[in-house]
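Engineer: Dropping the structure in here first, questions after.
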Amino acid sequence: MSNIHQKKANKAVSEQVECVLIEAVNLALHYEMKHDESVVILGEDVGTNGGVFRATSGLKDAFGFKRVMDTPLAEALIAGLSVGMASQGLKPVAEIQFMGFIFPAFEHLFCHAARMRNRTRGRMSCPMVLRAPFGGGIHAPEHHSESTEALIAHTPGIRVVIPSSPARAYGLLLAAIRDPDPVVFLEPKRIYRGTKQTIINNGEALPLDTCFTLRQGTDVTLISWGACIVDTLEAADMLAENGISAEVIDVATIKPLDMRTMISSVVSTGRCVIVHEAARSFAVGAEIAAQISEKCFLNLLAPVQRVTGFDTHMPYFKNEHYYLPNSNDIVAAVDKCFKEA
Amino acid sequence: MKAIHHSPIQAQGHHSLIQFSLEKIQFLDHEGNWICERPSFASDQWLVHAYKHMVLNRVFDNKAIALQRTGQMGTYPSSLGQEAFGVAIGMALHKDDVFVPYYRDHGAHLLRGHKMSDLLLYWGGDERGSAHGPKQDFPICVPIATQITHAAGAAAALKMRGQDQLALVTIGDGGTSKGDFFESLNVAGAWQLPLVVLVNNNQYAISVPREIQCGAPTLAQKAIGAGIHGVQVDGNDVVAVYQSILEARERVKINKGATLIEAITYRLGDHTTADDASRYRSNDEVKIAWLNEPIKRLQTALHTLNLWDSEQEQAWQSHCSNQVDQAVHEYLHVKQESPESMFDYLYQDWPDVMNEQLDLLADKLARNDPK
């Protein structure tokens, strides 16, 4: 590429881009690889194919196989390679093709990535990002639709980050790559190609460890993350029509939890509904509810409600809509808050 | 393929496709005789240096076990009888290589510059035991075989940067049964990584003997399926182990990729201080294994070459004892880390949203440990 073309391209990418969530992921990866030579991409089908969802599209052409590596088909290896690379000063951004296949990688996440800094007293660290699409709603085959974020969030030393819009995908992924510690970045694939948003491609990251209040309200706090944010915002609209003012909080960083934002909202509204796709018991929602009861029990006007998946296996896609929370379920839970108040 | 047309037909429709062979490296027999010409690196000085470190390794090992037995240290995995393996690694590695150990590499650690007292600190239940040493080297790895994927990642990083160092990883015979082992050899072949995998085949994975671990006659042949070079070496022959690593380094230099080295040793001690090997192997077997141990054979070779005598032996033994005693003294006098230190290295920067955790510990300390 000639200098003139290069300049044109630079100018083009710093402009505003209208894109869907998966394109925002791609945009952030392009930006960071261009500005930080230590960033490398690895995973299955991430190179020539650009990823099965196209998250890594165009990266191999731009940066070569040296930095965009198609790995053998082995998830434990992908995580282990990332640990090895990160320990030597690279910033691997690895893709697990679907979260349903992340389990072989767990040993490396839990026993090594999460602990490297601690077990060497800071001599080594593990600044890696493990990206994986998760959640249901796209009529995928068995093992392609689960939401198991709580399994990872339970582990000390790892951050778990989930975006719920193109802008947050862009800003949070940049933050995750720049973070000096391991981050599991879970992408809600149900909204990969949802609503478009305008993004300024200027490399500006969003903060981690912080909730985002998406809508202010006074009567009830709706807490959610990932694809369920779409249903939650829809429910807030429906509630508004009935004269109920709902505050909507996107948790965004699942581990560590920004309870301060959530508590301060619940203190002012007195009611709380937590919405997630994951199975009900032992989930992130249970942790949030426990902390609300510990920290602002006396401010509650009604018991905390949860709208969640069931404690069953994620049904195959013919029945998945019976499993996934929807806006009617959320409105019903809010109604319960008012009836029990 | 040309070879197919010229090969004899073995059964109807079957043709020979590829033939593989495997070599074994050995210079010294178990009585300390040179069974082939002494390689050029093995100068008089080199042999004495190797011997001294093997003895130091054993003296350290005995002391570590004694510390555990007297309640002054935690569970410890002895390297008794495997000193040639660790010392050859320590001597063959270059300063900037990446060493990715498992948990029985005390001899190699000492040669990498780890303080003896730090090794004791690690096994004594203090994270600071892994705080020092070469900055690129990995800490001791307990989860079996996981370290080999990290070594592959480190090797990929070296290759990506065009550096000519290598990553060397150790693993036990049991570890070669795990998926991580196969996945790593496989990627090392696919990506031609500058990786050296050294298997310490000490015949036992805790109680499970080598022949139950794997049906193949050698572990070295697992290299073949991955498309990398494999070789077996007498792991009680420090000269042979060193030679195998030299050759692996040459292979890396000419871009021929990774090597799997199976070193045949014998674990003369228990798996760890928490194990009792008499439950699963006979005294007779161990007695025979003692005839093959690495230190005696090298000592005999040194005697034959007039490089070592009993006076030197006595002086060195006493030097080692003093050095180890000094390290034990340091270890026993290290001030315990504060309870708050468990928070210090969780993340680079402490997340404010987790401050409640600090309060919980402060309360616990006030309750249980009032100043």
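The values are calculated or read from the model by the stated rules, or taken from the named source; none is laboratory data. None of the values given here were measured: they were computed from a predicted structure. No Cβ is skipped: glycine too gets one built from the backbone with ideal geometry, and neighbour counts run over all protein chains shown.
Engineer: State whether the residues of segment B:56-66 include one that is modelled with pLDDT of 95 or more, of a type in the set (Asp, Glu) and more than 19 Å from the chain's Cα centre (by Cα). Before you say what the answer is, go through the steps one by one.
Structural biologist: Restricting attention to segment B:56-66, the residues satisfying the condition of being modelled with pLDDT of 95 or more are B:56-66.
Checking the rest, the ones that are also of a type in the set (Asp, Glu) come to B:61.
From what is left, the residues that are more than 19 Å from the chain's Cα centre (by Cα) are none.
Taking every residue of segment B:56-66 in turn, none turns out to be modelled with pLDDT of 95 or more, of a type in the set (Asp, Glu) and more than 19 Å from the chain's Cα centre (by Cα).
Engineer: Quick check on this structure: which one of A:Val184, A:Val220 is in contact (Cβ under 8 Å) with a residue 12 or more places away in the chain, under 23 Å from A:Gly285 (Cβ atoms), among the aliphatic types (A, V, I, L, M) and not assigned by TED's automatic domain parsing to the domain that holds A:Ala79?
Structural biologist: A:Val220
Engineer: Can you report the number of residues in segment A:155-189 which are aromatic (Phe, Trp, Tyr) and outside any strand (DSSP E or B)?
Structural biologist: 1
Engineer: State all residues of segment A:250-292 that are β-branched (Val, Ile, Thr) and either within 13 Å of chain B (Cβ to nearest Cβ) or within 18 Å of A:Asn328 (Cα to Cα) (or both); if no residue qualifies, say none.
Structural biologist: Answer for segment A:250-292, where residues must be β-branched (Val, Ile, Thr) and either within 13 Å of chain B (Cβ to nearest Cβ) or within 18 Å of A:Asn328 (Cα to Cα) (or both): A:Val251, A:Thr253, A:Ile254, A:Thr261, A:Ile263, A:Val273, A:Ile274, A:Val275, A:Ile288.
Engineer: Output the number of residues of segment B:55-88 satisfying the condition of being in contact with an Asp or Glu (Cβ under 7 Å, 6 or more places away or on another chain), closer than 14 Å to B:Asp237 by Cα and hydrophobic (A, V, I, L, M, F, W, C).
Structural biologist: Within segment B:55-88, the subset in contact with an Asp or Glu (Cβ under 7 Å, 6 or more places away or on another chain) is B:57-58, B:78-81, B:84, B:86.
Adding the requirement that they be closer than 14 Å to B:Asp237 by Cα leaves B:81, B:84, B:86.
This time we only want the ones that are hydrophobic (A, V, I, L, M, F, W, C), so: B:84.
So the answer is 1.
Engineer: Turning to a different aspect of this structure: B:Tyr331 fails exactly one of the following numbered conditions: (1) in contact with a Gly (Cβ under 7 Å, 6 or more places away or on another chain); (2) closer than 25 Å to A:Gln291 by Cα. What is the number of that condition?
Structural biologist: Unmet condition: (2).
Engineer: Restricted to segment A:58-70, and to residues that are in a helix (DSSP H, G or I) and buried (at least 20 other Cβ atoms within 10 Å of the Cβ), which residue is nearest to the chain's Cα centre (by Cα)? So that I can check it myself, show each step before the final result.
Structural biologist: So in segment A:58-70, the residues in a helix (DSSP H, G or I) come out as A:59-63.
Of the ones still in play, those that are also buried (at least 20 other Cβ atoms within 10 Å of the Cβ) are A:59-60.
Working: A:Leu59: 21, A:Lys60: 24 Å.
Top of the filtered list is A:Leu59.
Engineer: Among B:Phe20, B:Phe41, which is the only one that is in a loop (DSSP other than H, G, I, E, B) and under 30 Å from B:His319 (Cα atoms)?
Structural biologist: Details: B:Phe20 fails: under 30 Å from B:His319 (Cα atoms).
Matching residue, one of B:Phe20, B:Phe41: B:Phe41.
Engineer: Of all residues in segment B:174-204, count the ones that are more than 12 Å from B:Gly227 (Cβ to Cβ), among the hydrophobic types (A, V, I, L, M, F, W, C) and free of Cβ contacts under 8 Å to residues at least 60 places away in the same chain. First the steps, then the outcome.
Structural biologist: Of segment B:174-204, the ones more than 12 Å from B:Gly227 (Cβ to Cβ) are B:174-184, B:194-204.
If we keep only those that are among the hydrophobic types (A, V, I, L, M, F, W, C) as well, we get B:181-182, B:195-199.
Filter once more, so that each one left must be free of Cβ contacts under 8 Å to residues at least 60 places away in the same chain: B:181-182.
Matching residues across segment B:174-204 total 2.
Engineer: Moving on to the next point. Within segment B:153-166, does at least one residue satisfy the condition of being in the same structural domain as B:Val231 (by TED's automatic domain parsing), closer than 30 Å to B:Gly269 by Cα and either among the charged types (D, E, K, R) or buried (at least 24 other Cβ atoms within 10 Å of the Cβ) (or both)?
Structural biologist: Taking segment B:153-166 as the starting set, the residues that turn out to be in the same structural domain as B:Val231 (by TED's automatic domain parsing) are B:153-166.
Narrowing the set further to residues that are closer than 30 Å to B:Gly269 by Cα leaves none.
No: zero hits.
Engineer: Determine which member of the set A:Leu81, A:Leu73, A:Leu77, A:Leu109 is crowded, with 24+ Cβ neighbours inside 10 Å, modelled with pLDDT of 95 or more and more than 9 Å from every other protein chain (Cβ to nearest Cβ).
Structural biologist: Details: A:Leu81 fails: more than 9 Å from every other protein chain (Cβ to nearest Cβ); A:Leu73 fails: crowded, with 24+ Cβ neighbours inside 10 Å; A:Leu77 fails: more than 9 Å from every other protein chain (Cβ to nearest Cβ).
The conditions single out A:Leu109.
Engineer: In segment A:84-103, which residues are away from every other protein chain (no Cβ under 11 Å) and among the aliphatic types (A, V, I, L, M)?
Structural biologist: Listed by number, the residues that qualify are A:Val93, A:Ile96, A:Met99, A:Ile102.
Engineer: Take segment B:321-338 and flag every residue that is in contact with a Leu (Cβ under 8 Å, 6 or more places away or on another chain) and either hydroxyl-bearing (Ser, Thr, Tyr) or farther than 30 Å from B:Phe60 by Cβ (or both).
Structural biologist: Result: B:Tyr331, single match.
Engineer: Follow-up question, since we're still on this one. Scan segment B:8-32 residue by residue and report those that are at positive phi and surrounded by 10 or more Cβ atoms within 10 Å (Cβ to Cβ).
Structural biologist: The initial filter retains those residues of segment B:8-32 that are at positive phi, namely B:13, B:32.
Across segment B:8-32, the qualifying residue is only B:Gly32.
Engineer: If you check A:Asp237, A:Asp179, A:Asp209, which single one turns out to be surrounded by 19 or more Cβ atoms within 10 Å (Cβ to Cβ) and more than 24 Å from A:Ala286 (Cβ to Cβ)? Before the answer, list the steps.
Structural biologist: Values: A:Asp237 fails: surrounded by 19 or more Cβ atoms within 10 Å (Cβ to Cβ); A:Asp209 fails: more than 24 Å from A:Ala286 (Cβ to Cβ).
Result: A:Asp179 is the single residue among A:Asp237, A:Asp179, A:Asp209 that is surrounded by 19 or more Cβ atoms within 10 Å (Cβ to Cβ) and more than 24 Å from A:Ala286 (Cβ to Cβ).
Engineer: Do any residues in segment B:250-267 that are in a helix (DSSP H, G or I) have Cβ atoms under 9 Å from those of residues that are charged (D, E, K, R), where the two are at least six apart or on different chains, and which pairs are they?
Structural biologist: Pairs found: B:Glu250/B:Lys256; B:Val252/B:Asp164; B:Lys253/B:Asp164.
Engineer: Take residues that are surrounded by 15 or more Cβ atoms within 10 Å (Cβ to Cβ), within 13 Å of chain A (Cβ to nearest Cβ) and not hydroxyl-bearing (Ser, Thr, Tyr) and tell me which of the helices (runs of 4 or more DSSP H) falling wholly in segment B:286-367 contain 1 or more. It would help to see each step written out before you state the result.
Structural biologist: Numbers: elements: B:294-304, B:310-332, B:341-344.
Those helices (runs of 4 or more DSSP H) span B:341-344.
Engineer: List the helices (runs of 4 or more DSSP H) that sit entirely inside segment A:225-341 and contain at least 1 residues that are within 19 Å of A:Glu149 (Cα to Cα). Break it down stepwise before answering.
Structural biologist: Values: elements: A:228-241, A:259-269, A:284-296, A:320-323, A:327-339.
In segment A:225-341, the matching helices (runs of 4 or more DSSP H) lie at A:228-241, A:259-269, A:284-296, A:320-323.
Engineer: Does A:Gly137 qualify as being modelled with pLDDT under 95 and within 24 Å of A:Ile223 (Cα to Cα)?
Structural biologist: Details: modelled with pLDDT under 95: yes; within 24 Å of A:Ile223 (Cα to Cα): yes.
In short, yes.
Engineer: While we're looking at this one, here's another question. May I ask you to list the residues in segment B:68-77 that are touching a helix residue (DSSP H, G or I) at 6+ places or on another chain (Cβ under 7 Å) and closer than 17 Å to B:His114 by Cβ?
Structural biologist: Of everything in segment B:68-77, those that are touching a helix residue (DSSP H, G or I) at 6+ places or on another chain (Cβ under 7 Å) and closer than 17 Å to B:His114 by Cβ turn out to be B:Met73, B:Tyr76.
Engineer: Which of the residues belonging to segment B:179-226 are touching an Asp or Glu at 6+ places or on another chain (Cβ under 7 Å) and more than 24 Å from B:Ala274 (Cβ to Cβ)?
Structural biologist: B:Thr218, B:Leu219, B:Ala220
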